[in-house]
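Only one structure is covered here, and it is reproduced in the block below.
The values are calculated or read from the model by the stated rules, or taken from the named source; none is laboratory data. The shown structure was predicted, so the numbers you read here are calculated from the model rather than taken from an experiment. Methodologically, a virtual Cβ is constructed for each residue, glycine included, from the backbone with ideal geometry; neighbour enumeration extends over all protein chains shown. What goes into the accessible areas is simple: the full protein's heavy atoms, side chains included, and nothing from ligands, DNA or RNA. Shrake-Rupley method; radii C 1.70, N 1.55, O 1.52, S 1.80 Å.
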Amino acid sequence: MKQTFLNLEPIYTHPETAKFFVLPVPYEGTVCFLHGTLRGPEAILAVSNQMEHFDEELFIEFPRAGIVTLEPLPTGQTPEEEMELVYQGTRSLFQPGKFPLILGGEHSITPPIVKAATESYPDLSVLQFDAHADLRDSYQGSRFSHACTMRRVLESTQNIVQVGIRSFSLEEYEECTDHIDRMITVSTLESESGFRWAMSKILERLSKNVYITFDIDALDPAYAPATGTPEPGGMTWRQATRIIEEVSQAKHVVGADIVEVAPFQNGNCVTEFLAVRLAGKIMACNCTVDDYIDRNR
Ligand SMILES: [Mn+2]
């Protein structure tokens, strides 16, 4: 049997009634160092059964809002073809009352998702969690590299906020200094006053409709070691989930992706467990008991 997110009972997996749509995108086209993002979605789904349905902070059972696990997207033969497949595969998912959650795959899948989302939400802004600025115009000869993700996103919306960034080039630094208020460093988040300042900056900058792209390397490698380009000095789980909670309360989050999980093959599945908890947290933060399919139960 195909592995689905949480292996829910059929009542919770009908496309007509479900709120959440999990879309696996096993793509690994331009990864430059450690490989394995191709196996990310499957590995994340495989551990999802281990997660509690009850959110320990929000006190709701988010799977009762319904979660459909879609078939994995087919993989393109070229980056251009992959981008087109992702764009076509996500266009129909951005609808009122529906929340797509895309599991990568490498980060280069995000620009076509954002492009699709802006068709439904023209004011869309993007909240990026990442260690890397991903603002290069091209990398290793490709404009579709995972190192160019946010530069391509800027072609759909100029309204982005980057959190957790701690690795970028001179070119990217110069690109950033024109827009310094869109980048939140990890050190800013370490004190409570810094966190509050960062939070007000994030909320001020984001528009009403927000898409979240979460590169798992935003978190410290101590939390999420299985990723292509781990960087020391990353965010904690609590910092990331507090930001997601506050943004979800203040804004309308229209969808999200979790990318760059590159599972180890040595039995260590800490990163997959974290990714599935992150997916659950994003869902819990973006539904209420009013979204429950079985409100009479
Ligand atoms: Mn990254």
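Distance between the 7 Å Cα→Cβ label points at S193 and E57: 2.4 nm.
Rounded to two decimals, the Cα-based Rg/Rh of segment 157-247, with Kirkwood Rh, is 0.94.
Take the Cα of E71, step 7 Å along the line toward its Cβ, and report every residue of segment 89-117 whose backbone nitrogen sits under 15 Å from that point. Residues 89-90 qualify, since their backbone N sits under 15 Å from the label point. Probing with 1.4 Å while keeping every protein chain in the model, the per residue accessible area of the chain equals 41 Å².
Net charge in the neighbourhood of M51 (other residues with Cβ under 13 Å of its Cβ; Lys, Arg +1, Asp, Glu -1) is -3. Quick one: net charge of Y139's neighbours, Cβ under 14 Å, K/R +1, D/E -1? Computed value for this residue: -2. Which of the residue pairs K115/K281; K2/K115; K115/K201; K19/K281; K98/K251 have a Cα-Cα distance greater than 20 Å in the structure shown? Too far apart for the 20 Å limit: K115/K281; K2/K115; K115/K201. Remark: the S169-A222 segment gains 16.7 nm on full extension, using 0.36 nm per residue and subtracting the alpha carbon distance.
A straight chain from H252 to K208 at 0.36 nm per residue would run longer than the Cα-Cα distance by 15.3 nm. Both radii come from the Cα set of the chain: Rg as radius of gyration, Rh as Kirkwood radius; their ratio Rg/Rh reads 0.93. The helix-based estimate of mean residue ellipticity at 222 nm for the chain, built from -39,500 (n - 2.57) per DSSP H run of four or more residues and divided by its residue count, is -9000 deg cm²/dmol to the nearest 500. Overall, the accessible surface of the chain at a probe of 1.4 angstrom is composed of carbon and sulfur to the extent of 52 percent. A simple count of charges around E260, restricted to other residues whose Cβ falls under 9 Å of its Cβ and scoring Lys, Arg +1 and Asp, Glu -1, yields -4.
Within the listed set E28, E272, E204, the Gaussian network model of the chain (springs between alpha-carbon atoms below 10 Å) gives the highest mean-square fluctuation for E204. Segment 235-257 and segment 143-171 have Cα centres separated by 19 Å.
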